[in-house]
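Colleague: One structure, as structure tokens, below. Some questions next.
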Amino acid sequence: MTDWLTPFISMDISLAEKVLRTIVVYLGIAILLRLAGKRLLAQMNSLDLLVILLLSNVVQNAIIGPDNSVLGGLVGAVVLIGFDLLLDHLAQRTNFFRNLLVGHHTDVISDGIPNKAVLHRLGIDDRELALALRRQGVDHPSQLEVASLEPAGDLLVKLKPGDRAVTRDDL
């Protein structure tokens, strides 16, 4: 074998170790993001974005170890994508994995009344809630039957029947 090919095809750690490292780091980050909660996904500020960007650099060596080969990097990428697809498949097929990996929605407003305890637990203050509601076309929580924060961070609102905007068809 030619010396110039060695960095491309020779891995410094075993294939099994590479796969195990990648899966362990993936699961560790998934747990951290799950613990960080929906707010991180919903409204990332510049500091949250900085954390996400630096996170990949912080865990890089945990995945690749002393292996800087192209083949080692490709193996890590294939394992990351494959393991993600597997977990996504499991989450789509079973309630257990969906709840474990994705979570469920959280009602933050019920019958027009914000749930202060839930908002506090999620790290959402009154200003952030008001902004999220305005983005949905809602002027005041009293207009809502329910508002829920979805696992991906989206705020879904259901207006009370009398507080819905009139459409052209209604006229």
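Colleague: From the list Gln136, Gln143, exactly one residue is over 15 Å from Tyr26 (Cβ atoms) and at pLDDT 90 or above. Which is it?
Modeller: Details: Gln136 fails: at pLDDT 90 or above.
Result: Gln143 is the single residue among Gln136, Gln143 that is over 15 Å from Tyr26 (Cβ atoms) and at pLDDT 90 or above.
Colleague: Looking only at the range 59-97, count every residue that is within 16 Å of the chain's Cα centre (by Cα) and among the polar types (S, T, N, Q) and tell me the total.
Modeller: 1
Colleague: Assess whether Thr106 counts as being open to solvent by less than 70 Å² (accessible area, probe 1.4 Å), hydroxyl-bearing (Ser, Thr, Tyr) and free of Cβ contacts under 8 Å to residues at least 24 places away in the same chain. So that I can check it myself, show each step before the final result.
Modeller: On the way: open to solvent by less than 70 Å² (accessible area, probe 1.4 Å): yes; hydroxyl-bearing (Ser, Thr, Tyr): yes; free of Cβ contacts under 8 Å to residues at least 24 places away in the same chain: no.
Answer is no for this residue.
Colleague: So Gly153 passes all but one of these: (1) open to solvent by less than 80 Å² (accessible area, probe 1.4 Å); (2) assigned to a helix (DSSP H, G or I); (3) under 30 Å from Thr22 (Cα atoms); (4) at pLDDT below 85. Which condition number does it fail?
Modeller: (2)
Colleague: Could you tell me which residue of the range 1-56 is modelled with the highest pLDDT, considering only residues that are farther than 17 Å from Ser69 by Cβ and outside any helix (DSSP H, G or I)?
Modeller: Of everything passing the filter in the range 1-56, Asn45 is modelled with the highest pLDDT.
Colleague: List pairs: first residue in the range 12-32 and within 13 Å of Gly72 (Cβ to Cβ) and open to solvent by 50 Å² or more (accessible area, probe 1.4 Å), second residue of a type in the set (D, E, K, R) and not in a helix (DSSP H, G or I) anywhere in the structure, Cβ distance under 9 angstrom, at least six positions apart or on different chains.
Modeller: Here the result reads Asp12/Asp67; Glu17/Asp67, each pair linking the range 12-32 to a residue that is of a type in the set (D, E, K, R) and not in a helix (DSSP H, G or I).
Colleague: Just give me the residues in the range 74-126 being part of a helix (DSSP H, G or I), of a type outside the set (A, V, I, L, M, F, W, C) and touching a helix residue (DSSP H, G or I) at 6+ places or on another chain (Cβ under 6 Å), in sequence order. Working first, answer last.
Modeller: The initial filter retains those residues of the range 74-126 that are part of a helix (DSSP H, G or I), namely 74-93, 95-102, 116-122, 126.
From the residues that got through so far, the ones that are of a type outside the set (A, V, I, L, M, F, W, C) too are 76, 82, 84, 88-89, 92-93, 95, 98-99, 116, 120-121, 126.
Hits for the range 74-126 are Gly76, Arg98.
The values are calculated or read from the model by the stated rules, or taken from the named source; none is laboratory data. Keep in mind the model is a prediction, meaning the values are calculated, not measured. Counting neighbours? That spans all protein chains shown, and the Cβs are built from the backbone with ideal geometry, glycine included. Ligands, DNA and RNA are excluded from the accessible area calculation, which covers all protein heavy atoms including side chains. Shrake-Rupley method; radii C 1.70, N 1.55, O 1.52, S 1.80 Å.
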